[in-house]
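What follows is calculated from the coordinates using simple rules that are stated; it is not laboratory data. Quick caveat, the model's predicted, so the values are computed rather than measured. All Cβ positions, even for glycine, are placed from backbone atoms using ideal geometry, and neighbour counts span all protein chains on display.
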Amino acid sequence: MSFRCTADGEASRLRGMVSEDSVRGALAAMPPDASDAWMRQSLMASVRRALDRPWVLDIDATIKPLYGRQEGAELGYNPHKLGRPSHVLHSFWIGNLRLVLDAVLASGKQHSSGHAKAALGRLLDELGDKAPALVRGDCGYGNEDIIELCERREQPYLLRLRKTANVKRLIQRLFKREDWTRASEASQGWQAIEDELRLSGWA
């Protein structure tokens, strides 16, 4: 006997299953905007109950090399297959669960964080009171676009910065300071210090 769980959490008997082909056909018949909205709403409804405790939203870009002629295949940043056309997948997932909340497929030239900014903002807005305790990303996202988006929403973030000349000078100054936190068992041996750095182009 099979059961399904309804939106209110009640279990009811599952009387039938729709085939994958039927689902694909039904989605193909929907206008793209309508199908996208339906899929996003369904995905969010399926995960909201799992977000009742502090969690981390990880963001990253994955380069997918392509073989053959595929739509959106372009020569862009591709460190593993130089000269090979690719797609870029900007992904947003729950860090400790590895549960993907959203992903944006882009052409090979759209690897920068600017092409993920709109999707990140939309996801944070959809999460509402289930927003993450922290947005975390590597140096590809440690820039004005993503920082400004997070700060406008008062969203805590931890983003790695590229080692520009200003960042290197700041690190050199910090190493000379003596007000670092003490390493302890609770901090797993890490020491920390706080400072400010103005990014290029900020008012």
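Past the 31 Å Cα-Cα mark, which pairs from 130/163; 64/176; 117/163; 117/176?
Values: 130/163 33 Å; 64/176 43 Å; 117/163 22 Å; 117/176 36 Å.
As for pairs spanning more than 31 Å Cα to Cα, those are 130/163; 64/176; 117/176.
How high is the FRET efficiency between residue 24 and residue 52 when r is their beta carbon distance and R₀ equals 35 Å, given to the nearest 0.05? Display every interim value, and only then the final one.
On the way: r = 33 Å, r/R0 = 0.95.
Efficiency, rounded to the nearest 0.05: 0.60.
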